[in-house]
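Engineer: Below you will find the structure I want to go over with you.
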Amino acid sequence: MAENVEGVQGAHADDPIFQQEQAHLTELYAKLLQIRDDLTEELGAGEASARQDLIDMSEEVRLDFGGADETIETLAAIEGLNAVIDAYNQHHDFNVDKLRRVMLLLLQPYFAKVTLEMRPGRPPRDVYIGAAGMTDERSRPLVVDWRSPVAETYYNQQMGPTSYDVDGKTRTVNLLLRRQFDIVRDQLNMYFDTTVAIQDSLLLGALKKHHTEKLQAITATIQREQNEVVRHEDVPALLVNGIAGSGKTSVLLQRIAFLLYQERKTLDPSQVWLFTPNSVFENYIDTVLPSMGEANPQTFTWRAFVEAQGAGERDLGLDTPPEALRRIDAAAGVLELEPDDLREIRLDGEILLKLGQVQGAVQKFSQFPVGPRFTALVKDELHDRLERRFTQMAKDEELQEEMLGMDVEQQVEVFGETISPEDEAQTVEYARRLVESRYAAAHDKIERLSWLRFDRIGMRVLGKGAISATEWLYLRLLFTGTGERDARFVMVDEVQDYTEAQLMVLAKHFSRAHFLLLGDEHQAIFEGTASFGRIAEIFRETHGSVDECRLLTSYRSSPEITALFTGLLEKDEQLRLTSVQRAGVEPVIRAFSEKDEYLAALRAAAAEPGEGLTAVIAESDARVSWLSKQLGDAVLTVGSNTGLPATGVVLLPLRVAKGLEFDHVIVPDAQAEVYPDTPLARRRLYTALSRAMHRVTVLAQGPLTPLL
């Protein structure tokens, strides 16, 4: 390591700018180390002193509830103790967060610097930009967070007059210098002064690297068109259509990080929902946000979402037509609930509300059409009836005897104290508390609408023998109006793979949330999915407006590979797309009439030495099964729930490969019968080829696809 450092320093010995920047880095790194040490010591000492203070205070509190004055005094003392605990916790949380940011910066203190003339005639100001923000003991910024308003001057990539927004106001400044750094810990390897995105040396350096089993956060290299999405104003729905390799997933995750930073006082990661195509992809991206100092949001596949909502045992509804959901909407005004549409409220074998009581509550409000107001009124009535049932149960002598026979441990568990009722009224009161603790979940069943048989209602409305999960979810929304009330942002990756019906469910379920919808219309590899035009229409209906952005630059693939997959698009579309990668290796395309020759070529391609990860991407699960037998131990077969290795050769179906990238891609079934000249086959081949970063091998067993 020391030899390497000396070599780097020696190479830049004659460069005064390099020496100056290294000196700044060394000084700043020492400050970060000091902050880390101070915080570690303070947290350790703070916890020790906090513990002692709390012990002292708690010993002074006398628990005396004898009279009114004593009770007030005792409660005041407990409240004072809680206030001290809260204050310690807040101080502790602040320091823990600061320590987390310091540890992140010690890996790479910053990646860029801008020199800004804030006002004419004033001395210019250097602003260093990193993965997190940090100030010194006098609250002066050492490093600013990449998401801070002033950092936008770096991502705008406009030398000279530029601007950024703070608290709704635009500040105009003069950008004199935009410098990028390659830094590891306290060592400066290189710096670049950049002006134009495509000449971004740091970006090209990052892109040259080989695939890893995890997606990397390259925050330093966000390009201008990507930055427009990351920092886009908060709108009800943002629809992003980007070509393969344009960094859609990175942009999505950086958008989440940006929102968590912008709204850090009010937004919790649990209020952000991310929909991913499969578990392999979920595993691929799970370290990106933590590497930026943020917690991961709630992450779901469509299947996991359906299961979490309680509709998991049904058909997933991937073939459900939007017309079925429109029929459910139309039924709202005329739907009358029948006795068979309802069910009793039962818990642990005990019927708490009989079917007749549920029916009575529903009939009481039958003048209202089915919908959120009707549901709220019926729920309130059922809660009241349940409370009356609890009161009735508390008078049961057997239950009272059971309660009085409870041992001390059971009493403390249920009542928080030992009990000895003095009269019948107290006995009934304690029995009532026992009933409430035992059957509290019945109130949850009322809230979850367990008293409605949605399957039967849906079968009657749609005139069919069973309903799908998509129809079930939408029907429930007819009664509730909205699903998730706490969600504030919903991100849908690979949105082109969702059907209109699925998106109608998501739009209605998260009616209060803002959406980011990312995809590539050319990668719609399943039949019957929604076009970008229909996606926009669905969200205009539910959310009022939809902003749209395009990402037209490929950062993943070499120019040769980009030319191959964009060659499958219309000519006018091809002209708008670009690749920023340096020239690479020409794709290999071969067709074989003999099966043995084909298999020999396939095995040779899979065995070719090369850095990184090679993927054999088959068009279907059936092809994967056949190829797995032919290739044997030479490949690792990856399914929906398997993680990716960093190196080696994997075999996987196209549906799992979507969204991932590999150093070398082998398309093993490029024959005409698998990829005929149809729009769907064209999109599937585009998707398979565009997974490759550096090399592509296309093999056909029989006549080659006419698409190539």
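The values are calculated or read from the model by the stated rules, or taken from the named source; none is laboratory data. Keep in mind that what you see is a predicted model, and the values were worked out from it rather than measured. Quick reminder, even Gly has a Cβ in these numbers, built from the backbone with ideal geometry, and neighbours come from all protein chains shown. Protein only, heavy atoms only, side chains kept; ligands, DNA and RNA dropped before computing areas. Shrake-Rupley method; radii C 1.70, N 1.55, O 1.52, S 1.80 Å.
Engineer: Along region 617-622, what does the Karplus equation 6.51 cos²θ - 1.76 cosθ + 1.60 (θ = phi - 60°) give for ³J(HN,Hα), rounded to whole Hz, x for Gly and Pro?
Structural biologist: 9, 8, 5, 9, 5, 5
Engineer: As a test, work out the antiparallel percent of DSSP beta bridges whose residues both lie in the chain, rounded to the nearest 5.
Structural biologist: Close to 40 percent.
Engineer: Taking only C-alpha pairs under 8 Å that are 6+ residues apart, what is the relative contact order of the chain in percent?
Structural biologist: 13
Engineer: Once you list every other residue whose beta carbon is under 10 Å from the beta carbon of Ile17, what net charge do they have if Lys and Arg are +1 and Asp and Glu are -1?
Structural biologist: -2
Engineer: If the cut-off is a Cα-Cα distance under 29 Å, which lysines reach Lys379, setting aside same-chain residues fewer than 8 apart in sequence?
Structural biologist: The reachable lysines, counting only those whose Cα sits under 29 Å from Lys379, are Lys354, Lys364, Lys395, Lys445, Lys464, Lys508.
Engineer: What's log10 of I(q)/I(0) for region 478-532 at q = 0.19, 0.24 Å⁻¹, Debye sum over Cα points only, no solvent?
Structural biologist: The Debye formula, applied to the Cα set alone, gives -0.67, -0.92.
Engineer: Can you tell me, using C-alpha contacts under 8 Å and at least 6 residues apart, the relative contact order of region 317-378 as a whole percent?
Structural biologist: Relative contact order, region 317-378: 29 percent.
Engineer: Just add up the charged neighbours of Asp380: K/R +1, D/E -1, any other residue whose Cβ is under 12 Å from the Cβ of Asp380.
Structural biologist: Around Asp380, the surrounding residues sum to 0.
Engineer: How are the alpha carbon pair distances in region 529-634 distributed across 5 Å bins from zero to the largest one, expressed in percent?
Structural biologist: 2, 8, 12, 14, 14, 14, 13, 10, 6, 4, 2, 0
Engineer: Averaged per residue, what accessible area in Å² does the chain show with a 1.4 Å probe, protein chains only? Mind showing how you got there, number by number?
Structural biologist: Values: 33230 Å² over 708 residues.
Value returned for the chain: 47 Å² of accessible area per residue.
Engineer: List every residue whose amide H lies under 5 Å from the amide H of Leu347, counting only residues 5 or more places away in sequence or on a different chain, with H placed 1.01 Å from N in the peptide plane.
Structural biologist: Sorted by chain and number, the residues that satisfy this are Leu352.
Engineer: Suppose only helical runs count, i.e. DSSP H with n ≥ 4. What mean residue ellipticity at 222 nm does that imply for the chain under -39500 (n - 2.57) per run, divided by all residues and rounded to the nearest 500 deg cm²/dmol?
Structural biologist: Calculated mean residue ellipticity at 222 nm is -14500 deg cm²/dmol.
Engineer: A further question follows. Would you please name the trypsin sites (Lys or Arg not before Pro) within region 88-152 that are DSSP coil residues with at most 12 other C-beta atoms within 10 Å of their C-beta?
Structural biologist: Sparse-neighbourhood loop trypsin sites (Lys or Arg not before Pro): Arg138.
Engineer: If r is the Cβ-Cβ distance from Glu344 to Leu267 and R0 is 35 Å, what FRET efficiency results, to the nearest 0.05?
Structural biologist: Details: r = 41 Å, r/R0 = 1.17.
Efficiency, rounded to the nearest 0.05: 0.30.
Engineer: Putting +1 on Lys and Arg Cβ atoms and -1 on Asp and Glu Cβ atoms, find which of Leu238, Asn283, Trp302 reaches farthest to the positive end of the dipole of region 227-328.
Structural biologist: Leu238
Engineer: Normalise the Cα radius of gyration of region 578-644 by 2.2 N^0.38 Å (N = residues in it) and let me know the number.
Structural biologist: Working: Rg = 14.3 Å, N = 67, 2.2 N^0.38 = 10.9 Å.
Here the answer is 1.31, to two decimals.
Engineer: Using a 1.4 Å probe on the protein chains only, how many percent of the accessible area of region 347-490 belongs to carbon and sulfur?
Structural biologist: After summing per-atom areas, the C and S share lands at 45 percent.
Engineer: Helix 424-439 against the longest principal axis of the chain: what's the angle in degrees, Cα atoms only, rounded to the nearest 10?
Structural biologist: Rounded to the nearest ten degrees, it is 30.
Engineer: Which residue, Ala332, Phe390, Ala441, has the largest displacement toward the positive end of the dipole of region 322-451 when charges sit on each Cβ (Lys, Arg +1; Asp, Glu -1)?
Structural biologist: Looking along the dipole axis, the top candidate is Ala332.
Engineer: List the lysines whose alpha-carbon lies under 19 Å from that of Lys595, not counting same-chain residues fewer than 8 positions away?
Structural biologist: The qualifying lysines are Lys629.
Engineer: Something else: Under 12 Å from the Cβ of Ala244, count the other residues' Cβ atoms, weight Lys and Arg +1, Asp and Glu -1, and hand me the total.
Structural biologist: Residues near Ala244 contribute +1 overall.
Engineer: Dipole size in debye (nearest 20) for the chain around its Cα centre, Lys and Arg Cβ +1, Asp and Glu Cβ -1?
Structural biologist: 3260
Engineer: Could you please state how large a percent of the accessible area of region 574-708 is carbon and sulfur, counting protein chains only and using a 1.4 Å probe?
Structural biologist: Of all accessible area on region 574-708, carbon and sulfur atoms account for 51 percent.
Engineer: Output ³J(HN,Hα) for region 683-695: one whole-Hz value per residue in order, computed from phi by the Karplus curve 6.51 cos²θ - 1.76 cosθ + 1.60 with θ = phi - 60°, and x for Gly and Pro.
Structural biologist: Each residue's phi maps through the Karplus curve to give 5, 5, 5, 3, 5, 5, 5, 7, 6, 7, 8, 10, 9 Hz.
Engineer: On to the next question. Loop-only trypsin sites (Lys or Arg not before Pro) in region 563-632, please: DSSP not H, G, I, E or B, and at most 13 other Cβ atoms within 10 Å.
Structural biologist: When the trypsin sites (Lys or Arg not before Pro) of region 563-632 are filtered for loop state and at most 13 Cβ neighbours within 10 Å, Arg582 remain.
Engineer: Shifting gears a bit: What is the extension gain from Arg122 to Asn95, computed as 0.36 nm multiplied by their sequence separation minus the C-alpha to C-alpha distance, in nm to one decimal?
Structural biologist: Contour length minus Cα-Cα distance gives 6.2 nm.
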